[in-house]
Amino acid sequence: MAEAVAQKGKQMKQVLVSELDLTKIQGNGDFPCPNCGVTISPEDESEDVYTILEEKIRNDALEELVIQCNKCSSRIRLTGFPILKMENL
C-alpha cells in the first residue's frame, strides 16, 4: 500500500496555460475556455467559473490578468485591456 501512495505522489497534473488578447474577441467580452470550452464572462464576479490569480498593473491601468478556469484548472493570461484616458474638461 505504501508503494501505491508513493506512486500517486509522483504524479503531477500538468496545467495548460493559454494567452488571449481581448482586442481580438468580438461581442460583449465573453469567451470560451481554450481547454474545456466553458463560457467565461467578465460580468461574472462570483468566481464560480473562474478565479483571478494575478493582476499586472502599470501606471494605474490593468495591463494583464491571469485567471484559472474552475472546471479544468487551465490558466489563461488575458492581455489587451483597453486603456481609459481621463481628460480634464
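The values are calculated or read from the model by the stated rules, or taken from the named source; none is laboratory data. Keep in mind it's a predicted model, so treat the numbers as computed, not measured. Every residue, glycine as well, gets a Cβ built from its backbone with ideal geometry; the counts of neighbours run over all protein chains shown.
Only a single item in (1) of a type in the set (Ser, Thr, Tyr); (2) at pLDDT below 95; (3) under 10 Å from the mean Cα position of the chain (by Cα) is not met by Tyr50, and it is number (2).
Within region 45-60, if we keep just the residues that are surrounded by 10 or more Cβ atoms within 10 Å (Cβ to Cβ) and not hydroxyl-bearing (Ser, Thr, Tyr), the residue that is nearest to Asp30 (Cα to Cα) turns out to be Val49. Just checking, does region 49-70 include any residue being assigned to a strand (DSSP E or B) and hydroxyl-bearing (Ser, Thr, Tyr)? Yes: region 49-70 contains one or more residues that are assigned to a strand (DSSP E or B) and hydroxyl-bearing (Ser, Thr, Tyr).
The listed residues are Asn35, Asn59, Asn88, Asn70, and the only one of them that is polar (S, T, N, Q) and at pLDDT below 70 turns out to be Asn88.
Pairing residues of region 33-48 that are under 15 Å from Leu78 (Cβ atoms) with residues that are in a loop (DSSP other than H, G, I, E, B) and of a type in the set (Asp, Glu), at Cβ distances under 7 Å and at least 6 apart in sequence or on separate chains, gives Thr39/Asp30; Ile40/Asp30; Ser41/Asp30.
Among the residues of region 3-20, is any in a loop (DSSP other than H, G, I, E, B), surrounded by 11 or more Cβ atoms within 10 Å (Cβ to Cβ), aliphatic (A, V, I, L, M) and at pLDDT below 90? Checked region 3-20: at least one residue is in a loop (DSSP other than H, G, I, E, B), surrounded by 11 or more Cβ atoms within 10 Å (Cβ to Cβ), aliphatic (A, V, I, L, M) and at pLDDT below 90.
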